1. When the residues of segment 15-44 are filtered to those that are among the polar types (S, T, N, Q) and surrounded by fewer than 17 Cβ atoms within 10 Å (Cβ to Cβ), which remaining residue is farthest from residue 121 (Cα to Cα)?
2. When you go through 182, 172, 168 one by one, which is the residue that is surrounded by 13 or more Cβ atoms within 10 Å (Cβ to Cβ), modelled with pLDDT under 95 and under 25 Å from residue 103 (Cβ atoms)?
3. Of everything in segment 68-80, what is part of a helix (DSSP H, G or I) and either over 26 Å from residue 20 (Cβ atoms) or open to solvent by 30 Å² or more (accessible area, probe 1.4 Å) (or both)? Give them in sequence order.
4. For segment 132-148, which positions are without any contact (Cβ under 8 Å) to a residue 60 or more places away in the chain and part of a loop (DSSP other than H, G, I, E, B)?
5. Only one residue in 18, 83, 65 is assigned to a helix (DSSP H, G or I) and in contact with a Pro (Cβ under 7 Å, 6 or more places away or on another chain), so which one is that?
6. So residue 48 passes all but one of these: (1) over 30 Å from residue 193 (Cβ atoms); (2) not in a loop (DSSP other than H, G, I, E, B). Which condition number does it fail?
7. Name the pairs: first residue in segment 101-128 and open to solvent by less than 30 Å² (accessible area, probe 1.4 Å), second residue charged (D, E, K, R), Cβ to Cβ under 7 Å, at least 6 apart or on different chains?
8. Does residue 132 meet the test of being among the basic types (Lys, Arg) and closer than 19 Å to residue 66 by Cβ?
Amino acid sequence: MTKSERTRQFIIEQSAPLFNTKGVAGTAMSDIMEATKMAKGGLYGHFESKDELSHAVVDYCLSTLGEKITAVINKQKTAKDKLFAYLDFLSTPENPPLQGGCPMINFGMEADDTSAAINQKVKQGMEWSVNKITSIIIEGIGTGEFYANWNAKEFAIKLFSMTEGAIVIARVMGNSTQMHTVIKILKKEIEEQVI
């Protein structure tokens, strides 16, 4: 990495928690200046606009979340354990894997009617998640771990939707009771598919 690339990456990393917590609209350049200890001119030397920076931050948050999920899943041997690891990874919304919470929820809710570019990035992140879960189930069917008639895509959509919804509920309610209930239900359904 060149010095310029390192500085650009530093700005993204320092700005990510701000954008993921306050949103794109709620994050001011002064917030970014304070977090990075850089002058406005220095920031604009690396990003032409706050929009350009916000797009880079969304990419960074989504890829970081994906890398963390993949690392947790890859530690497991069986498909069931991989699905359980995915669920356990999301089980504490009060202590989220990224500061500010789930970037798909945060940026998705804000961007659905304000930024087509960010909305598209979030859509791709959601599709990646559903496809990741689907591929784990297909892997388990292929190895004879799960019943062959289990609809992998349908359950993946259900798991993803229920956990993301439970994250929102946990944040609003201020506790993870509902999240634990959702995870318990999903784990029971997974267990029922194990041969």
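The values are calculated or read from the model by the stated rules, or taken from the named source; none is laboratory data. As the structure is a computational prediction, the values presented were derived from the model and not from experiment. Glycine gets a Cβ as well: all are built from the backbone with ideal geometry, and neighbour counts include every protein chain shown. Accessible surface areas use protein heavy atoms only, side chains included; no ligands, DNA or RNA. Shrake-Rupley method; radii C 1.70, N 1.55, O 1.52, S 1.80 Å.
1. 30
2. Among 182, 172, 168, only 168 is surrounded by 13 or more Cβ atoms within 10 Å (Cβ to Cβ), modelled with pLDDT under 95 and under 25 Å from residue 103 (Cβ atoms).
3. Within segment 68-80, 68, 70, 71, 72, 74, 79, 80 qualify.
4. Hits for segment 132-148 are 144, 147, 148.
5. Just one listed residue meets the conditions, 65.
6. Going through (1) over 30 Å from residue 193 (Cβ atoms); (2) not in a loop (DSSP other than H, G, I, E, B) one by one, residue 48 breaks only (2).
7. Filtered contacts from segment 101-128: 101/171; 102/164; 104/164; 105/164.
8. yes
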